[in-house]
Amino acid sequence: MAKLLMLFVDGVEDTEAIATLDVLTRGGHEVTCASMMKRKQIEPKLGRPLIVESLIENVNLVDFDGVVIPGGPGSFKIMCFHPEIDNIIRYFADNNKLVSAICAAPFMIGRLGYLKEKNFTIHPGFEDLVIGGNYLRAKGVVRDGRFITAKSMWYSHEFGLEIDEYFNGKEHRDNLEKACKGEK
């Protein structure tokens, strides 16, 4: 199972963060939720406070197999301006580790050129912020190599399953999906 870093800021889309975290945890992955706000309490989009276990400045990126970046207004109003976000994305991308983002958040990967000549999806309206790449508007979740992108909160569950499949294969994903649906 993978060790994953999930990034949090105020304004994060609740469903994208919590549903993805739930699927990954059920899949056996160790997910560290880290705030980029200099405090552990996050004020998500819907306004119900969340407490995460770490601050970004207290994590060592080397310890993780990949990064998960939820979207929502926080991704394009706060996170994209954080002085460390580009370095975090570069670290995972340049070290051949998983880089995954949902909703508007894939633009932060794309603005650095990592989606150039790759298939991707993103919340409509943010596609022009991605340098190069093949925007698949009709797709909810797209995996191209070590990059996984998802369109919106509606695809949070599938996004988590795709991350699981990346690390554990199709059979594990299928079993995890059945378990999440309450099937045997």
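Note on LYS3 and ARG26: their simple-model spin labels are 2.6 nm apart, each label 7 Å out from Cα toward Cβ. The residues of the chain have, on average, 46 Å² of accessible surface per residue, using a 1.4 Å probe with all protein chains present.
In summary, the aspartates and glutamates within cross-link reach of LYS40, defined as a Cα separation below 16 angstrom excluding same-chain residues under 8 places away, comprise ASP10, ASP14, GLU53, GLU57. Binning the alpha carbon pair distances of the range 50-92 at 10 angstrom intervals from zero yields the distribution 22, 59, 19, expressed in whole percent.
From helices alone, the chain scores -9000 deg cm²/dmol at 222 nm; the rule is -39500 (n - 2.57) for each run of n ≥ 4 DSSP H residues, then divide by the residue total. Across the chain, Cα-Cα distances exceeding 29 Å account for 12% of all pairs. Shape index of the range 119-164: Rg/Rh, with Rg the Cα radius of gyration and Rh the Kirkwood radius from the inverse mean 1/r over Cα pairs, equals 0.94. Test of the criteria: in the range 69-178, which GluC sites (Glu not before Pro) are in a DSSP loop and have at most 12 other Cβ atoms within 10 angstrom of their Cβ? Listed in order of number, the matching sites are GLU117.
Pick from GLY27, GLY133, GLY47 the residue whose mean-square fluctuation is largest in a GNM of the chain, springs joining Cα atoms under 10 Å. The residue with the greatest mean-square fluctuation here is GLY47. Beyond 28 Å in Cα-Cα separation lie the following of the pairs LYS38/LYS170; LYS116/LYS151; LYS77/LYS181; LYS97/LYS139; LYS38/LYS77: LYS38/LYS170; LYS77/LYS181.
If the label point is 7 Å along Cα→Cβ of GLU53, which residues in the range 7-42 have backbone nitrogen under 11 Å from it? So the set is 30-34.
Ranking LEU24, GLY71, GLY132 by how far each Cα lies toward the positive end of the dipole of the chain (charges on Cβ) leaves GLY132 at the top.
Helix screen, the chain: no DSSP H segment has Cα axial length of 27 Å or more and mean Kyte-Doolittle hydropathy at least 0.0. Computed with a 1.4 Å probe over protein heavy atoms only, the accessible area of ILE163 comes to about 0 Å². If you take the alpha carbon atoms of the range 1-99 and fit the smallest convex hull around them, that volume is 84 Å³ per residue. For the pair ALA138 and ASP174 in one chain, pulling the backbone fully straight at 0.36 nm per residue adds 10.7 nm over the alpha carbon distance.
The values are calculated or read from the model by the stated rules, or taken from the named source; none is laboratory data. Keep in mind it's a predicted model, so treat the numbers as computed, not measured. Glycine gets a Cβ as well: all are built from the backbone with ideal geometry, and neighbour counts include every protein chain shown. Just the protein is used for accessible areas: all its heavy atoms, side chains included, with ligands, DNA and RNA removed. Shrake-Rupley method; radii C 1.70, N 1.55, O 1.52, S 1.80 Å.
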